[in-house]
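Notes for the one structure printed next.
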Amino acid sequence: NHPRPPPTVLPALRSSLHARYSTHDWHHTNMVQLKGFEASRCRAGRLNADSMRLMQNKDQLTYQMQEDSRRNLGERISNIDFWRSELTYELECLLKETQALETTKKRLECAVDEMQGPLKVALECLYHREKRKGIDLVHDDVEKNLIKEVDVFKDCQEILTKLAQKITQQLGINRNAQHALEQDLSDKNSAHFIDEKCFNLRNTSDSISFYHGVEKADGTVSVPATWAKYSEDNIRCSQHARANSVKLREDAEFGLESASEEMWNHFLSTNLAFNNRIAEVANAKNKLQAQLAKILQEIFQTEDTIMLLERSIKAKEYPLKVAQTRLEGRTRRPNIELCRDAPQFQLVTEVYTIDDTLQTLKRCLQEAHDTLQMLILNKSELEHEISVKANSFFIDRKCMDMRKVFPSTPRLIGY
């Protein structure tokens, strides 16, 4: 079990001795190997040091890049917040203006409807006044005022209707601007939500993952300048719509007030003409009635005169008979007694005088009859004229009763 001693017998073949290295070779090789190992070790050391520095630099770069990205996201969120605020403010202003414009449109429509009543009354007054008769069918101040009133009411309706149509168009423009703002605001909200989510991502977040090649896909459609200009243009468009809307509301307000004032002025002017005409017709009617009373009195007196004339004519018949009977009796006087004596002269004169008196009285009676006929005709004409005036008076009073109700100024300006 003892270890076997090394062989002491030299190799049989001495020829193999030429392959052996010299001591110098051995030392040299060792030295070269040590130098090689040292160089490798140095390279490894440098590599490790460089790697550490590289890792530190890259860690720092990665951290810095991530911080820069996070800062940029934060700035982007701030920019989105700014434009969201601007868009929200403009949208609120636009909605408020649109609501005011819709109210103005309703007021215009109400005012147009309110004008229909007085317009109808004015037309009815013209229609009723066509029922006046004879000379009373006069183109007087009342008729002129009524025709002008109808024209004014129709013109006012047309102006306000056109304004309402313009407002309808503007409301469409406002709604388009509102839609653009709302869409932009909705997009900003979505972008804000996404960027905020991205901003809050950390290396420790659960939702992070690899998306290979995502950096190569570029689906962007704007740059910061065009992105900001888009919202700026939307806001400017909305502001322009609001400015036009305000101008339209001012025009509508002025139109409503002008129309109301003009209608009131014409209404009052027509009423004044009506009152003057009613007073004029009443005065003419009163004068005619006074004249009729006089005519009736004259007819009564003329009839009395006719009766007295007839009595007087009747009364003259007897003296004429007496005178003629006397003359006829005296014609029977005999011979020389047929003397043209004083009684004869007197009787002949009496007969002629009574006959002439009768002719005069009969002419007077005829004149009295003619006068009575004329008075009766005048009475008939007067009664007709009084009925015409009464009819005109009644019509104008009826028209004035119809015109008692007129829309108040607040109603005429659409409230």
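The values are calculated or read from the model by the stated rules, or taken from the named source; none is laboratory data. It should be emphasised that the depicted structure is a prediction, and the values quoted were computed from it without experimental measurement. Neighbour counts are summed over all protein chains in view; Cβ atoms, including those assigned to glycine, are modelled from backbone coordinates with ideal geometry. With ligands, DNA and RNA removed, areas are computed over all heavy atoms of the protein, side chains included. Shrake-Rupley method; radii C 1.70, N 1.55, O 1.52, S 1.80 Å.
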Q: Scan the stretch 122-142 residue by residue and report those that are assigned to a helix (DSSP H, G or I) and open to solvent by 30 Å² or more (accessible area, probe 1.4 Å).
A: 123, 124, 126, 127, 134, 135, 141
Q: Looking at (1) of a type in the set (Lys, Arg); (2) open to solvent by less than 80 Å² (accessible area, probe 1.4 Å); (3) over 30 Å from residue 91 (Cβ atoms), find the lone condition where residue 242 falls short.
A: (3)
**Q.** Test: residue in the stretch 252-269 that is hydroxyl-bearing (Ser, Thr, Tyr), touching a Lys or Arg at 6+ places or on another chain (Cβ under 8 Å) and closer than 26 Å to residue 155 by Cα
**A.** no
Q. What number of residues within the stretch 157-205 satisfy the criterion of being hydrophobic (A, V, I, L, M, F, W, C) and open to solvent by 90 Å² or more (accessible area, probe 1.4 Å)?
A. 3
Q.
Can you pull out every residue in the stretch 21-54 that is open to solvent by 90 Å² or more (accessible area, probe 1.4 Å) and either among the hydroxyl-bearing types (Ser, Thr, Tyr) or outside any helix (DSSP H, G or I) (or both)?
A. 21, 23
Q) Which pairs do you get when a residue that is under 13 Å from residue 407 (Cα atoms), found in the stretch 264-278, comes within reach of a residue that is among the aromatic types (Phe, Trp, Tyr), reach meaning Cβ atoms under 9 angstrom, with the pair 6+ apart or on two chains? A) 264/406; 267/406
Q: Read through the list (1) within 60 Å of the chain's Cα centre (by Cα); (2) open to solvent by 100 Å² or more (accessible area, probe 1.4 Å); (3) of a type outside the set (Lys, Arg), then give the number of the only condition that residue 114 fails.
A: (2)
Q) What residue, among those in the stretch 74-99 that are loosely packed, with under 14 Cβ neighbours inside 10 Å and under 29 Å from residue 260 (Cβ atoms), is nearest to the chain's Cα centre (by Cα)? A) 99
Q) What number goes with the only condition from (1) part of a helix (DSSP H, G or I); (2) open to solvent by 50 Å² or more (accessible area, probe 1.4 Å); (3) farther than 30 Å from residue 104 by Cα that residue 282 does not pass? A) (2)
Q | Residues that are touching an Asp or Glu at 6+ places or on another chain (Cβ under 7 Å) and without any contact (Cβ under 8 Å) to a residue 60 or more places away in the chain, drawn from the stretch 337-383 | A | 365
Q) Can you name the residue in the stretch 308-322 that is closer than 13 Å to residue 361 by Cβ and of a type in the set (A, V, I, L, M) and, of all such residues, is most open to solvent (accessible area, probe 1.4 Å)? A) 308
Q: State whether the residues of the stretch 55-73 include one that is part of a helix (DSSP H, G or I), under 60 Å from the mean Cα position of the chain (by Cα), in contact (Cβ under 8 Å) with a residue 40 or more places away in the chain and surrounded by 11 or more Cβ atoms within 10 Å (Cβ to Cβ).
A: yes
Q | Hits in the stretch 323-358 - residues which are modelled with pLDDT of 90 or more, among the aliphatic types (A, V, I, L, M) and open to solvent by 70 Å² or more (accessible area, probe 1.4 Å) | A | 342
Q: For the stretch 380-415, enumerate the residues that are of a type in the set (Phe, Trp, Tyr), in contact with a Lys or Arg (Cβ under 9 Å, 6 or more places away or on another chain) and either open to solvent by less than 20 Å² (accessible area, probe 1.4 Å) or part of a helix (DSSP H, G or I) (or both).
A: 393
